[in-house]
Amino acid sequence: MDWKFLQGLLSGVNKYSTAFGRIWLSVVFVFRVLVFVVAAERVWSDDQGHFDCNTRQPGCTNICYDYFFPISHIRLWALQLIFVTCPSFMVVLHVAYRDERERKYRVKHGEDTRLYDNTGQKHGGLWWTYLISLFIKTAFEVTFLYLLHYIYDSFKLPRKVQCDVSPCPNLVDCYISRPTEKTVFTYFMVGASVLCVVLNICEIFYLIAFRVVNLKHRGSAHASSRKMPPLHPDMDCDGCKPSHTS
């Protein structure tokens, strides 16, 4: 898979992200994509070829491998990385939509007019788009962590598994290649995924808190402007001295 293409697409997300979003993006590419491409793929490259069972019954080894590994860790992680990064494109598409509206508005009303102060500013609909993308990313992360634990019953790979699925003649022992190394990488990828979940949750609370503070500030400013007493006709512009007419 060409991960450089995905990196190029997500590079535009970085300038619209908060501090938590930039940290999340760094974790994804440094601790997940880079480790996935450089090391993890090589560790699982001989996964099926070195899965050995103590029987020569034709088809038994393949059936037992498919039984214990219905989907490879490496393919599940690849799907996870794709699913958790795609919601970020919602923000980029929304900003592109704003840019197009801004362009049409200037064509219609003149180059000196503006529809948005900043098309990438997170307010209004873009704020909701950004927040929804965070919820979707978090849901995908948690879902894939659950699937990984559900499919393999644990994040730790055993050294030996037993299989009695047909066409195996009886209960046979099968051995996984490099189980310790694969377990280390599994825990590392799980830990990076949990860290991303924590960053997403922190960013959600940050966005909500920032929005609440802004709304409270606007409400206070509006209330104070309404409470200002009207100027007396005999008062000058400062409202503190009577005016003198000549």
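The values are calculated or read from the model by the stated rules, or taken from the named source; none is laboratory data. The structure presented is a predicted model; accordingly, all values stated were derived computationally and were not measured. For neighbour counting, all protein chains shown are included, and Cβ atoms are generated from backbone atoms with ideal geometry for every residue, glycine included. For the accessible areas, the whole protein counts, side chains as well, though only heavy atoms, and no ligand, DNA or RNA atoms are used. Shrake-Rupley method; radii C 1.70, N 1.55, O 1.52, S 1.80 Å.
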It is to be established whether one or more residues within region 171-185 are among the polar types (S, T, N, Q), open to solvent by less than 60 Å² (accessible area, probe 1.4 Å), closer than 21 Å to residue 64 by Cβ and in contact (Cβ under 8 Å) with a residue 60 or more places away in the chain. yes
Condition broken by residue 102, with the remaining ones in (1) touching a residue at least 60 places away in the same chain (Cβ under 8 Å); (2) farther than 24 Å from residue 65 by Cα satisfied: (1)
Counting only residues that are open to solvent by less than 70 Å² (accessible area, probe 1.4 Å) and either within 26 Å of residue 213 (Cα to Cα) or in a loop (DSSP other than H, G, I, E, B) (or both), region 96-122 contains a total of 8
Within region 23-55, considering residues that are touching an Asp or Glu at 6+ places or on another chain (Cβ under 8 Å) and assigned to a helix (DSSP H, G or I), the one modelled with the highest pLDDT: 24
Flagged in region 156-165 as open to solvent by less than 90 Å² (accessible area, probe 1.4 Å) and in contact with a strand residue (DSSP E or B) (Cβ under 6 Å, 6 or more places away or on another chain), in numbering order, are 161, 163
Quick check: anything in region 144-155 open to solvent by 60 Å² or more (accessible area, probe 1.4 Å) and at pLDDT below 90? yes
Find all pairs meeting these conditions: Cβ atoms under 8 angstrom apart; at least six residues apart or on different chains; first residue within region 153-169 and touching a residue at least 40 places away in the same chain (Cβ under 8 Å); second residue open to solvent by 90 Å² or more (accessible area, probe 1.4 Å) and assigned to a loop (DSSP other than H, G, I, E, B). 163/171; 167/58
Among the residues of region 123-140, which ones are in a loop (DSSP other than H, G, I, E, B) and more than 16 Å from residue 15 (Cα to Cα)? 124
Scanning region 82-95 for residues that are more than 11 Å from residue 132 (Cβ to Cβ), assigned to a helix (DSSP H, G or I) and under 17 Å from the mean Cα position of the chain (by Cα) gives 82, 83, 84, 85, 88, 89, 92, 93
